[in-house]
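Computed from the coordinates by the stated procedures, all read-outs in this text should not be read as laboratory data. Everything numeric in this text was worked out from a predicted model, so none of it was measured. Don't worry about glycine lacking a Cβ; one is built from the backbone with ideal geometry, like all the others, and counts go over all protein chains shown.
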Amino acid sequence: MAKKERKLDRHQWISLAAGVLVVMLLTYLLIAHTPLRRTIPGYPSRETQQAALENFQKVDSLEKVIGLWAFQVANIQRIATGREPLPLDSLRLADPEAATDESQSAAFETSDSLLRAQVEKLDAERLADPGPSRIEALEKVKFTRPLKGSVKEAFSRTGSHPYIEVTAPSGTQVSAILDGIIVSADWSQMEGCTLKMQHDGDLTSFYRHAGKLLKSVGERVKAGTPIAVVGETGELSQAHILLELRYKNQSIDPALYIQF
């Protein structure tokens, strides 16, 4: 009887172990294949999964847009420096997925063509039109006539003549057009005696081909003060002065503000 009881105990343990395994298997299947799995700490919810998918799609789209912007900026720089623009194929090769999307490639090509056309148009307008005829910030500035003479050659922004040439007899005094300080006074074989003045309001004036300079670097002078004398120096033999006026380092036509 004792041996029979021990045998029955062994069967009971086997049955218990089998029952536990069945319960564990059913529990796993219940959690893995039903919404109960979302109750497990750390398991992402459906909303979290959807948000992660949307974020991935947004990042992917942003990468493509940034790639297009970089491509367009590179082409702007190349066009501005006179080089050939990069072909659109270079953008498709950099992004294999873009090559399979013909509609997106067509959009890129159209955008790039429009951008190049706009840059070329602006460049042509800049060359054809030197800019506004007058600058509002200079309307109230009272310029002094630098010398008595006649304008032989007018200002030209598009050519290599960003100044006016004023002829006058040798010995004619040249005066400062505004209050300012002498920042440069030198001589060169090409430009003869040259003087540069810095004025308030981002204005700078240059007086080239003078026969003699009357002021030195660092001197402060008032408008109308003699600063040079007309002579025959530089490459040209006729007595004259080349007067250049710059506003914010951009050459402007002195004749718009000074009567000669």
Original post:
GLN57 to VAL183: extension gain in nm, 0.36 nm per residue of separation minus the Cα-Cα distance?
Top reply: 39.4 nm
Subject >> Length added when fully stretched, LEU256-THR167, from 0.36 nm per residue minus Cα-Cα >> reply: 30.2 nm
**OP:** Go through region 177-190 residue by residue and turn each phi into a ³J(HN,Hα) via Karplus (6.51, -1.76, 1.60, θ = phi - 60°); whole Hz please, and just put x for glycine and proline.
**Re:** 7, 8, 4, x, 10, 6, 10, 7, 8, 8, 9, 9, 5, 7
Subject >> Sequence-distant residues sharing a close amide H with GLU232 (under 5 Å, placed H) >> reply: none
**OP:** Anything over 22 Å Cα to Cα? Flag those among LYS212/LYS248; LYS148/LYS222; LYS148/LYS196; LYS142/LYS212; LYS152/LYS248; LYS215/LYS248, in the order listed.
**Re:** LYS212/LYS248; LYS142/LYS212; LYS152/LYS248; LYS215/LYS248
**OP:** Would you mind checking the radius of gyration and Dmax of region 139-256 based on alpha-carbon positions, in Å?
**Re:** 12.9, 37
**OP:** Starting from the Cα coordinates of region 158-209, work out the convex hull volume and express it per residue in Å³.
**Re:** 106 Å³
Subject >> Distance (nanometres) between label positions extended 7 Å along Cα→Cβ at GLN198 and VAL23 >> reply: 9.1 nm
